[in-house]
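Below you'll find the structure, written out as structure tokens, and then a few comments.
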Amino acid sequence: MRLRPMVSTVFVLALAAPLFAQEWVEFASREDRFTCLFPIQPKVTTGTYLSQHEAALPMRMYNAEQGRSKYSVTVVDFNQARRILTEKAKSCPRGAEPCEGAPGDEGHWKSDIRGAADYASWQLMKRDAKVTTLVWGAVDQVEGRNIQLTNADKSRTFAMIYMHENKLYIMEGTVPPGYPEPGLFQQSLGWLDENGIGLRYQSLYSNGHPAPPKVDRSNRPGQGRIDAPGAAPGKY
């Protein structure tokens, strides 16, 4: 009888070993200025994202799979929102304020940017899934939202949504029923500056407001540096 707990423990460890034996890829995108861990080199595709006020915005998707688990980071460039919605407002019927917007806010481009994270959160919550968590979060002082969903097939999706420098980041890790949450993937998210050095603010960053001072990483670059002498691209 005493052997049963030991056998069970060994069996569980044997099942869990493949999940942790594989070395994850330290991925960094200079173009979209973020870094995170993927189980394999992600596949990069492009597409179009329709915003709340129906601006067709360029987006890039980074996707990777490990067994039945799926990982993705979607980056939407809201820097294009003002141009697209201002041009679109020109064809609105005169006096149609919901379409026209106001002087300086043609097509409601300001609220489109300001509400991007909330709108993206709502799109996730409309899925055929049960929302189990919706909380505020921050990564290196950049504020965002964390959402957890239990999907119709009992898999779970852990999502993080952030706005940084007018770019929307939607990070999703989906794992099968009974699997642990994708903590390694979630906790690895970080930002890069224009030189490819890991970026962290000294106080809270809220998109659309003046950025606070950055932590000086010139001597100790830390997470995210991908141009250090002798370092391979994508390595910290």
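Scan segment 169-188 and tell me whether some residue there is more than 26 Å from Arg68 (Cβ to Cβ) and touching a strand residue (DSSP E or B) at 6+ places or on another chain (Cβ under 9 Å). Talk me through it step by step, then tell me what you get.
Residues of segment 169-188 more than 26 Å from Arg68 (Cβ to Cβ): none.
Among the residues of segment 169-188, not one is more than 26 Å from Arg68 (Cβ to Cβ) and touching a strand residue (DSSP E or B) at 6+ places or on another chain (Cβ under 9 Å), which makes the answer no.
Gly178 - would you say it is at positive phi and touching an Asp or Glu at 6+ places or on another chain (Cβ under 6 Å)?
Values: at positive phi: yes; touching an Asp or Glu at 6+ places or on another chain (Cβ under 6 Å): no.
So Gly178 fails the test.
Kindly check whether there is at least one residue in segment 167-189 that is assigned to a strand (DSSP E or B), modelled with pLDDT of 95 or more and among the acidic types (Asp, Glu).
Let us first name the residues in segment 167-189 that are assigned to a strand (DSSP E or B), namely 167-175.
This time we only want the ones that are modelled with pLDDT of 95 or more, so: 167-175.
Filter once more, keeping what is among the acidic types (Asp, Glu): 172.
Yes; the residues of segment 167-189 include at least one that is assigned to a strand (DSSP E or B), modelled with pLDDT of 95 or more and among the acidic types (Asp, Glu).
Report, ordered by the first and then the second residue, all pairs with beta carbons closer than 9 Å, sequence separation of six or more or different chains, a first member in segment 130-147 that is more than 18 Å from Glu172 (Cβ to Cβ) and at pLDDT 95 or above, and a second member that is of a type in the set (S, T, N, Q) and part of a loop (DSSP other than H, G, I, E, B).
Asp140/Gln223; Gln141/Gln202; Gln141/Ser203; Glu143/Ser206; Glu143/Asn207
Would you mind telling me which numbered condition in (1) surrounded by fewer than 19 Cβ atoms within 10 Å (Cβ to Cβ); (2) over 18 Å from the mean Cα position of the chain (by Cα) Glu65 fails?
Only one criterion in (1) surrounded by fewer than 19 Cβ atoms within 10 Å (Cβ to Cβ); (2) over 18 Å from the mean Cα position of the chain (by Cα) is unmet by Glu65, namely (2).
For segment 53-87, which positions are of a type outside the set (Gly, Ala, Ser), closer than 15 Å to Gln186 by Cα and free of Cβ contacts under 8 Å to residues at least 40 places away in the same chain?
Tyr62, Asn63, Glu65
Working only within segment 135-157, note down all residues that are more than 23 Å from Arg200 (Cα to Cα) and in contact with a helix residue (DSSP H, G or I) (Cβ under 6 Å, 6 or more places away or on another chain). Steps first, answer last, please.
Going residue by residue through segment 135-157, those that are more than 23 Å from Arg200 (Cα to Cα) are 148-157.
Answer for segment 135-157, where residues must be more than 23 Å from Arg200 (Cα to Cα) and in contact with a helix residue (DSSP H, G or I) (Cβ under 6 Å, 6 or more places away or on another chain): there is none.
Test Arg82 against the criterion of being surrounded by fewer than 19 Cβ atoms within 10 Å (Cβ to Cβ), among the charged types (D, E, K, R) and part of a loop (DSSP other than H, G, I, E, B), and give yes or no. Give the derivation first.
Numbers: surrounded by fewer than 19 Cβ atoms within 10 Å (Cβ to Cβ): yes; among the charged types (D, E, K, R): yes; part of a loop (DSSP other than H, G, I, E, B): no.
No; evaluated as a whole, the condition is false for this residue.
The values are calculated or read from the model by the stated rules, or taken from the named source; none is laboratory data. Only a predicted model underlies this, so the values are computations on that prediction, with no experimental measurement involved. We place every Cβ from the backbone using ideal geometry, glycine too, and count neighbours over all the protein chains shown.
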